[in-house]
């Protein structure tokens, strides 16, 4: 494929996604492995090597993207600084532990008093240490090599892991957060407001660094291909909300998610864990356009589809095949569920087509099955 052909192919993808988000055309399908925080087989460098060298981190990302440059499915080739959940806490100076095949984890936390005593509101210079500095250098190297013609024009960068508000509070002060919810709720709200500041300023900073508009984005969710969101400008991760009651979610989580969306139009919400009440409450928020479940196997798929259909929330992500289900039967089953519940799905399929021809045929099959009539 020539450079001009590639540019035209990616332009068609943007048009495809514009139509999808307007409720027109077919549903997207991406053939790639879902993002894994552990147990991932790296192409060349493990995580310790990657965190020690910007060049190796970039090389690993480009090796992941390479098989997708043929642009056969609906995915847009994407790349990010893949630093894990500790990015912003590390940027504030908290220490982390590196492991070869597991994303970094924090080895310390702030006390509530230490976090609240930091000058506010947070500015970029307040969280520019350690992994954040590494991520900034990574993106600058990416853009430099792209200008030099060393990286294809069809590869797009996207914002690294800036987490979510309640997740950041949990990361920053540790499990003490859960005691505050019951014993000192006003202090918990003050912690949440600091985390909201950090989430907003950091996400806006990285979007500006990458040249993204506030209320749109490309997002790959840790994968080498991603999606164009014309009216959703931020991704938010709220795993820790699954650890508290529905009443606490209503008081301590939902208002901050809504406030977090204010600058970004709408949000792509990800969370791991099982909490059916949080699932419904999140989908009912106008501010949430897209839902990704980190543990889809924990949920009844039909129930999830029904909720997404009634709330007009797009379901994004990996839905595994059943047993030895064939690829076309798999696509027919999921398309049938979409029709049954009037739900929209961006499917991440980890089925590995045998060749380009089979992949192209499966994309065409999915498009025909899901085309809006």
Worksheet item: Sorted by mean Cβ packing within 10 Å, highest first, what order do the peptides 93-100, 187-194, 200-207 take?
Response: 200-207, 187-194, 93-100
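Calculate, for residue 49 and residue 272, the FRET efficiency according to 1/(1 + (r/R0)^6) with r their C-beta to C-beta distance and R0 25 Å; round to the nearest 0.05. Don't skip to the end; give the middle numbers.
Numbers: r = 26 Å, r/R0 = 1.05.
The value I calculate is 0.45.
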Practice prompt. Please report 183, 350 as a ranked list, fewest other C-beta atoms within 10 angstrom at the top and most at the bottom.
Written response: 183, 350
Fill in: Length added when fully stretched, residue 33-residue 186, from 0.36 nm per residue minus Cα-Cα
50.9 nm
Discussion item. Pairs of alpha-carbon atoms within less than 8 angstrom and 6+ residues apart define the contacts here; what relative contact order does region 3-370 have, in percent?
Written reply: 20
Discussion item. For the pair residue 295/residue 333, report the inter-label distance in nm, with labels modelled 7 Å from Cα in the Cβ direction.
Written reply: 2.2
Worksheet item: Just the projected area, averaged over all directions, of the convex hull on the alpha carbon atoms of region 240-293: how many nm²?
Response: 3.3
Fill in: Cα-projected label distance for residue 358 with residue 18, points at 7 Å along beta-carbon direction, nm
3.5
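Full-extension gain between residue 306 and residue 321, please, as 0.36 nm times their residue separation minus the C-alpha to C-alpha distance.
On the way: separation 15, 0.36 × 15 = 5.40 nm, distance 1.93 nm.
Difference between extended and current length: 3.5 nm.
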Worksheet, complete the sentence: A correct fewest-to-most ranking of 42, 158 by other Cβ atoms within 10 Å would be 42, 158
Worksheet item: To the nearest 500 deg cm²/dmol, what mean residue ellipticity at 222 nm is calculated for the chain from DSSP H runs of n ≥ 4 alone, each contributing -39,500 (n - 2.57), summed and divided by the residues?
Response: -13500 deg cm²/dmol
Discussion item. Taking the 0 to 90 degree range and rounding to the nearest ten, how far is the long axis of helix 130-147 tilted relative to the main principal axis of the chain, both from C-alpha atoms?
Written reply: 30
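How would you order 235-245, 47-57 from highest to lowest mean count of nearby Cβ atoms within 10 Å? Could you put the intermediate results ahead of the total?
Working: 235-245: 21.7, 47-57: 17.5.
The packing order, highest mean first, is 235-245, 47-57.
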Fill in: Listed residues 172, 345, 279, most fluctuating in the chain (Gaussian network, C-alpha, under 10 Å)
279
Discussion item. Per 0.36 nm of contour for each residue apart, how much would the distance between residue 350 and residue 259 grow if the chain were fully extended, relative to their Cα-Cα spacing?
Written reply: 29.3 nm
Fill in: Convex hull projection area averaged over all views, the chain, Cα basis, nm²
17.6
Worksheet item: Taking Cα atoms, how many degrees apart are the long axis of helix 54-65 and the longest axis of the chain, rounded to 10 and kept between 0 and 90?
Response: 30
Fill in: Rounded to 5, percent antiparallel among DSSP beta bridges of the chain
30
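All of the numbers you see were taken from the coordinates with simple rules; none came from a lab. Nothing here was measured: the structure is a model prediction, and the numbers come from that model. As a convention, Cβ positions derive from the backbone with ideal geometry for all residues, glycine included, and neighbour counts pool all protein chains shown.
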